[in-house]
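Data first, discussion second: the structure below is written as structure tokens.
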Number of protein chains: 2
Amino acid sequence: MRIGELARRGGTTTRALRYYESLGLLPARRGANGQREYDEEDLRLVHEIRSLTGIGFALEDTRPFVQCLREGHTTGDACAASVEVYRRKLAELDDCITRLGAVRDQVRAQLREAEQRSKPCGR
Amino acid sequence: MRIGELARRGGTTTRALRYYESLGLLPARRGANGQREYDEEDLRLVHEIRSLTGIGFALEDTRPFVQCLREGHTTGDACAASVEVYRRKLAELDDCITRLGAVRDQVRAQLREAEQRSKPCGR
DNA sequence: ACTTGTGTTGACGTCCACGTCAAGTCGGAG
DNA sequence: CTCCGACTTGACGTGGACGTCAACACAAGT
């Protein structure tokens, strides 16, 4: 299959796929005419990349997962490096959520305070 | 006072202050030699901007607060537009936290699953 | 033969909040 | 006068994940 079909079936764009290739994330075989040639395996890789980035993973973070699939594992997270990324992301997420929660509380407090000042008179 | 002092006292850099000016956020008067001239009022504005961006507000979001102070109010959030930004940010934060929480749970589940697969054999 | 669709590469644009660098100007101290 | 620090402007870089455009080649359908 060519890049257009892979893009459609993978839920992305040809531009993104060429970009992935430029990062060495998704190298492509070339046909006689120089066009990129992909197979069903590549479609799996694209799905893996998309589902991970969709979750909020950076492209670099998807590399171990893709590598893992390419090594023949049935899932991208069957390798230690992928699991490590999970762990790191989880820690990042926890941290981020905690910080955002604190900020939210702070903004909430400021908002209440501002509202109090604006209508301190009856009711 | 000149830009260097304002930067030091405001806890930022001269580069940032010039950038704020380029955005029309913090216009500066100019002395005879063309140098930017600031006063204590500007320092307050800088503090307002810094404390808001420090919380995670975008520079554009600080505009109503700065404007509010410039209109003579004692706090930047004394104006309706500022309060509106509070509300919007609060909603954004809640939304963001919710989504991140869902992602975290998802990653957690995937992690557990991957760990199960890796050592399904006793203990 | 012609058009349409799909492919190719490369380069530049986007968003955000500045950092960094270059080359020059200005004021005051010694 | 010289030197230093502070100031000026402008241009380019950063990171992430592509979007957009140019200019071209190739294949299939009518």
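Taken together, the values in this text are just the output of simple stated rules run on the coordinates, not laboratory data. Please read all numbers here as calculations on a predicted model, not as lab measurements. Ideal geometry is used to build each Cβ from the backbone, glycine not excepted, and the neighbour counts take in all protein chains shown.
Structure values in brief
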{"item": "Net charge of Cβ neighbours under 13 Å - reference residue B:83; Lys, Arg +1; Asp, Glu -1", "result": "+2"}
{"item": "Other copies of residue A:59: label-to-label distances in nm, shortest first, labels 7 Å along the beta-carbon direction", "result": "2.7"}
{"item": "Among A:69, A:90, A:26: highest mean-square fluctuation, GNM of chain A, C-alpha pairs under 10 Å", "result": "A:90"}
{"item": "More than 14 Å apart - percent of Cα-Cα pairs taken over segment B:66-123", "result": "71"}
{"item": "Dimensionless Rg/Rh of segment A:20-84 - Kirkwood Rh, Rg from C-alpha atoms", "result": "1.00"}
{"item": "Ellipsoid equivalent to the protein assembly as shown - semi-axes via the Cα gyration tensor, in Å", "result": "49, 25, 16"}
{"item": "Per-pair calculated FRET efficiency, R0 = 30 Å: residue A:58 and residue B:117 via Cβ, rounded to 0.05", "result": "0.80"}
{"item": "Choice from B:52, B:17, B:93 with maximal GNM fluctuation in chain B (Cα, 10 Å cutoff)", "result": "B:93"}
{"item": "Inverse of mean 1/r across different Cα pairs in segment A:1-110, Kirkwood, Å", "result": "15.6"}
{"item": "Other copies of residue B:106: label-to-label distances in nm, shortest first, labels 7 Å along the beta-carbon direction", "result": "2.8"}
{"item": "Rough spin-label spacing in nm, given labels placed 7 Å along Cα→Cβ, for residue B:21 and residue B:105", "result": "5.1"}
{"item": "MRE, 222 nm, helices only [DSSP H, n ≥ 4, -39500 (n - 2.57), over chain A, to nearest 500]", "result": "-23000 deg cm²/dmol"}
{"item": "Label spacing, shortest first and in nm, from residue B:74 to its equivalents in the remaining copies (7 angstrom along Cα→Cβ)", "result": "6.9"}
{"item": "Spin-label pair residue B:9/residue A:30, simplified geometry with 7 Å Cα→Cβ offset, distance in nm", "result": "6.3"}
{"item": "Innermost chain B residue relative to the axis carrying B onto A, by Cβ distance in angstrom", "result": "B:97, 3"}
{"item": "Gain upon complete extension [residue B:98, residue B:50; 0.36 nm per residue less C-alpha separation]", "result": "14.6 nm"}
{"item": "Highest-MSF residue in chain A out of A:28, A:109, A:78 [GNM, Cα springs under 10 Å]", "result": "A:109"}
{"item": "Residue B:41 paired with residue A:73, simple spin-label distance in nm, labels 7 Å along Cα-to-beta-carbon", "result": "6.3"}
